[in-house]
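Worksheet: the structure to be examined is printed underneath.
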Amino acid sequence: MITVDNLSKEFKVYEKQEGFKGAVKSLFSSKYKIKKAVDQVSFSIDAGESVGYIGVNGAGKSTTLKMMTGILLPTSGECRVFGVDPFTNRRNNVKNIGVVFGQRSQLWWDLPVSESFSILQKIYQVPQNRFRENLAFFKNILELDEFYLTPVRNLSLGQKMRADFAASLLHDPKVVFLDEPTIGLDIVVKDRIRSAIKDINAQRNTTVILTTHDLQDIQEVCRRIIVIDEGKILFDGSIDALKTNYGRWRNIHFEIPLTEQGEATEPLFPPDSEGIEVIDDPSGITVKFQRDMHQVGELISRVMKMRQVRDIKINEPEMQDIVKAIYLKGSAGRTIGVQ
Amino acid sequence: MIRFFRIYSAFFKQQVKSLIEYKLDFAAGMVALGFQQVASFLVLFAVFSQIQAIGSYSFDEMLLFFGWAQLMKGFDHVYNDNIWTVGWWRIRDGSFSQFLIRPLGIVSQIVMERLQFDGLGEFLIGLLIFIYAFIRTGLRFSFGDWLVFGYFFLCGLVIYFALKLLGASVAFWTISSGELMTVTYEIGSFTRYPLDMYKSAIIRSLLIYVLPFALVTWVPMVWFIREPQFIADILGIPWARGSALLGFTGGLTLILLGLSVGTWKAGLRRYNATGT
Ligand SMILES: Nc1ncnc2c1ncn2[C@@H]1O[C@H](COP(=O)(O)OP(=O)(O)OP(=O)(O)O)[C@@H](O)[C@H]1O
Ligand SMILES: [Mg+2]
């Protein structure tokens with residue numbers, strides 16, 4: 001079990017001024033601002049869960065993960081990973097965890113993948129049998145064989161990521177922290193990584209904590225998501241709960257024959273109607289509406305009366321739209337709060 | 001500890017392997033290094049052979065200092081070179097983080113990651129000069145002398161280690177401290193020459209107390225070739241004679257080590273990685 005309790009991280013950001021003159025000036029002043037990268041964050045995650053940790057760029061995802069992995073000392077608050085304080089008890093904590101930072105390989109640049117793995121085996125004291133089993137498992141699902149003897153520095157991005165991912169799991173960690181593990185990967189490799197994550201979560205009960213900007217990752221891999229914005233948690237719950245709470249918008253697409261389009265007729269809805277939005281597109285129109293303010297049947301019959309409609313499609317809200325709405329609302333809410 | 005050496009030797013094997021794989025590189029590197037070492041030795045020899053003695057020291061005694069200094073520096077260079085990377089760029093680019101996610105001591109990981117074979121040449125030349133000077137000065141070591149010798153050797157390595165670690169730790173505050181480490185290291189080469197050559201009391205105290213390189217080279221050597229009183233006088237510490245001097249050296253070494261480990265630990269708490 002992982003518990004995070006009022007965890008905060010502040011960075012001092014020294015004020016720099018532009019240009020050379022500015023640089024000289026800032027040499028003699030030490031004005032700084034406090035940047036709250038993570039602001040009183042609390043959550044708890046059970047063993048075996050798979051959690052997506054999402055938010056816009058700079059929201060504080062990586063910083064949270066760095067505190068949970070013992071890289072950064074929190075400014076305040078507490079964090080326990082399977083009962084262990086990651087910073088003060090670093091060496092015990094890292095035995096239990098696996099870490100992948102998509103932006104940077106954790107393997108040794110000059111060593112072949114094979115050697116990196118065998119050194120990791122020694123570092124984590126993985127018994128020989130277990131090591132062989134794991135190796136076979138990951139070689140199989142990640143197809144490592146084609147570059148297993150190549151030095152890490154010569155690997156492509158996707159190959160490096162696969163190697164890094166396997167490396168983080170060789171010692172059977174209880175939890176794995178994946179910070180953008182699919183960044184910059186092609187669809188095939190993404191799929192491979194995703195199914196590997198699903199496998200270790202389902203078959204080995206490894207807890208997974210994942211950050212990403214690709215919501216497909218989340219939809220396929222995670223049952224729960226936590227949304228963070230400007231260091232604060234905006235949402236924490238299941239994907240279904242997210243959809244019912246925030247997915248109040250529905251889309252109906254009306255396909256209208258080309259011949260009938262473009263004729264400027266009276267507007268479908270009064271211009272000031274609330275919770276409704278009409279978007280034109282080449283094949284017809286899309287009506288976006290809020291489920292709790294309008295009836296589907298009414299809308300459809302109204303449009304049918306006024307337009308020639310060939311086909312109708314009702315769409316579930318896309319997760320992407322929901323998340324976008326949360327992100328936008330998050331930053332809007334914050335600005336309002338400031339005023 | 002056993003695990004430490006196992007992993008160390010795994011890294012070592014890899015390095016030797018890649019050295020052999022790039023045979024030409026390796027051969028060329030060794031030849032170049034050999035030339036460089038021989039050249040610096042010849043320069044020294046040329047300078048020294050013009051003078052029969054410097055101050056109260058004979059030519060052979062000067063060689064003794066030089067050989068010892070070179071040998072210590074070479075040894076340190078071989079096993080403990082990777083720590084420079086912390087000062088130069090590991091904090092700046094955040095790659096320091098990778099040591100923090102492995103269940104081993106951070107410093108041991110840094111040390112074991114790379115052996116610096118360049119230092120081997122320094123070490124060997126130093127050893128040769130030292131042996132030559134040792135014979136020429138007619139030194140004879142009893143068993144006890146060897147023990148003292150080993151003790152000084154150890155203290156010397158610890159001082160080098162502690163100074164480097166201290167220098168690297170500064171990077172936690174300043175992002176990078178490579179220049180500072182270089183300056184420190186350069187000052188270390190002052191101690192190829194005997195401490196009493198420096199007339200300034202400030203420089204002497206600097207080399208004894210602040211950057212105690214005098215304890216690495218000069219003290220161990222004069223211990224064997226001069227009277228205890230002489231050493232105490234130059235050090236300016238009347239009581240530092242015989243075993244008290246050994247205690248003084250060990251004590252200062254430990255204080256320095258404690259200081260540098262403390263600074264390192266404090267630095268780790270400040271480590272901010274980089275934004276990703
Ligand atoms: N070492 C640092 N020093 C100063 N500020 C930092 C540092 N690391 C992060 N920050 C700041 O903290 C905030 C959160 O950064 P963080 O890397 O956690 O974001 P993120 O959610 O991972 O974003 P992204 O999706 O872009 O990776 C950002 O505003 C960033 O500028
Ligand atoms: Mg990030």
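Could you list, ordered by first residue, the pairs with Cβ atoms under 6 Å in which the first is in region A:51-80 and among the charged types (D, E, K, R) and the second is near ligand 1 (Cβ under 8 Å from one of its atoms), at least 6 apart or interchain?
Going by the 6 Å Cβ cut-off, the qualifying pairs are A:K61/A:G55; A:K61/A:T211; A:K66/B:A273.
Return yes when A:L135 is in contact with a Phe, Trp or Tyr (Cβ under 9 Å, 6 or more places away or on another chain), within 15 Å of ligand 1 (Cβ to nearest atom) and either more than 9 Å from every other protein chain (Cβ to nearest Cβ) or part of a loop (DSSP other than H, G, I, E, B) (or both) and no when it is not.
no
Test B:P212 against the stated conditions and say whether it is more than 14 Å from chain A (Cβ to nearest Cβ) and either within 16 Å of ligand 2 (Cβ to nearest atom) or open to solvent by 60 Å² or more (accessible area, probe 1.4 Å) (or both).
Answer is no for this residue.
Table: residues versus (1) more than 12 Å from every other protein chain (Cβ to nearest Cβ); (2) part of a helix (DSSP H, G or I).
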residue: B:W88; (1), (2): yes, yes
residue: B:D93; (1), (2): no, no
residue: B:S108; (1), (2): no, yes
residue: B:G121; (1), (2): yes, yes
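Quick check, is B:W218 over 23 Å from B:F172 (Cβ atoms), open to solvent by 40 Å² or more (accessible area, probe 1.4 Å) and modelled with pLDDT of 90 or more?
No; evaluated as a whole, the condition is false for this residue.
If A:S168 passes every condition in (1) open to solvent by 10 Å² or more (accessible area, probe 1.4 Å); (2) within 14 Å of chain B (Cβ to nearest Cβ); (3) among the hydroxyl-bearing types (S, T, Y) but one, which one does it miss?
Evaluating A:S168 over (1) open to solvent by 10 Å² or more (accessible area, probe 1.4 Å); (2) within 14 Å of chain B (Cβ to nearest Cβ); (3) among the hydroxyl-bearing types (S, T, Y) leaves (1) as the failure.
Tell me which residues, restricted to region A:166-184, are more than 13 Å from A:F138 (Cα to Cα) and more than 16 Å from ligand 1 (Cβ to nearest atom).
A:P173, A:K174, A:V175, A:V176
Taking B:W223, is it modelled with pLDDT of 90 or more and in a loop (DSSP other than H, G, I, E, B)?
no
Taking region A:197-233 as the region of interest, how many residues are of a type outside the set (V, I, T), within 19 Å of A:G102 (Cβ to Cβ) and either within 14 Å of chain B (Cβ to nearest Cβ) or within 12 Å of ligand 1 (Cβ to nearest atom) (or both)?
2
Which is within 16 Å of ligand 2 (Cβ to nearest atom) and either within 30 Å of A:R307 (Cα to Cα) or open to solvent by less than 10 Å² (accessible area, probe 1.4 Å) (or both), of A:I226, A:I256, A:I279, A:I252?
Sole residue among the options that is within 16 Å of ligand 2 (Cβ to nearest atom) and either within 30 Å of A:R307 (Cα to Cα) or open to solvent by less than 10 Å² (accessible area, probe 1.4 Å) (or both): A:I226.
Would you be able to tell me the number of residues in region A:40-70 that are within 16 Å of ligand 2 (Cβ to nearest atom) and not aromatic (F, W, Y)?
Within region A:40-70, residues that are within 16 Å of ligand 2 (Cβ to nearest atom) and not aromatic (F, W, Y) number 19.
Tell me, please, whether a residue that is hydroxyl-bearing (S, T, Y) and part of a helix (DSSP H, G or I) can be found in region A:276-286.
Checking region A:276-286: not a single residue is hydroxyl-bearing (S, T, Y) and part of a helix (DSSP H, G or I).
Here are A:I252, A:I233, A:I225: which of them is touching a residue at least 60 places away in the same chain (Cβ under 8 Å), assigned to a strand (DSSP E or B), within 21 Å of A:A59 (Cβ to Cβ) and touching a Leu at 6+ places or on another chain (Cβ under 7 Å)?
One residue alone meets the criteria, A:I225.
If you check A:I183 against the conditions, is it closer than 30 Å to A:A47 by Cβ, open to solvent by 50 Å² or more (accessible area, probe 1.4 Å) and touching a residue at least 40 places away in the same chain (Cβ under 8 Å)?
Answer is yes for this residue.
Could you count how many residues in region A:146-187 are touching a helix residue (DSSP H, G or I) at 6+ places or on another chain (Cβ under 6 Å) and in a strand (DSSP E or B)?
Qualifying residue count, region A:146-187: 2.
Open to solvent by 10 Å² or more (accessible area, probe 1.4 Å), away from ligand 1 (no atom under 16 Å from the Cβ), within 14 Å of chain A (Cβ to nearest Cβ) and modelled with pLDDT of 90 or more - does that describe any residue in region B:265-276?
Yes.
So which helices (runs of 4 or more DSSP H) are wholly in region A:46-129 and hold at least 1 residues that are in contact with a Leu (Cβ under 9 Å, 6 or more places away or on another chain), more than 16 Å from ligand 1 (Cβ to nearest atom) and at negative phi?
A:90-96, A:113-124
Scanning region A:152-165 for residues that are surrounded by 19 or more Cβ atoms within 10 Å (Cβ to Cβ) and within 13 Å of chain B (Cβ to nearest Cβ), which turns out farthest from ligand 2 (Cβ to nearest atom)?
Among them, the one singled out is A:V152.
Considering only region A:186-196, state which residues are of a type outside the set (D, E, K, R) and either surrounded by 19 or more Cβ atoms within 10 Å (Cβ to Cβ) or within 14 Å of chain B (Cβ to nearest Cβ) (or both).
If the condition is that a residue be of a type outside the set (D, E, K, R) and either surrounded by 19 or more Cβ atoms within 10 Å (Cβ to Cβ) or within 14 Å of chain B (Cβ to nearest Cβ) (or both), then A:V189, A:I193, A:A196 are the ones that fit.
Would you pick out the residues in region A:71-83 that are open to solvent by less than 20 Å² (accessible area, probe 1.4 Å) and away from ligand 2 (no atom under 16 Å from the Cβ)?
Once the filter is applied, which keeps residues that are open to solvent by less than 20 Å² (accessible area, probe 1.4 Å) and away from ligand 2 (no atom under 16 Å from the Cβ), region A:71-83 yields A:C79, A:V81.
The values are calculated or read from the model by the stated rules, or taken from the named source; none is laboratory data. Here the structure is a predicted model, which means the values were calculated and not measured. Cβ coordinates were reconstructed from backbone atoms using ideal geometry, including for glycine residues, and neighbour counts include every protein chain displayed. Accessible surface areas use protein heavy atoms only, side chains included; no ligands, DNA or RNA. Shrake-Rupley method; radii C 1.70, N 1.55, O 1.52, S 1.80 Å.
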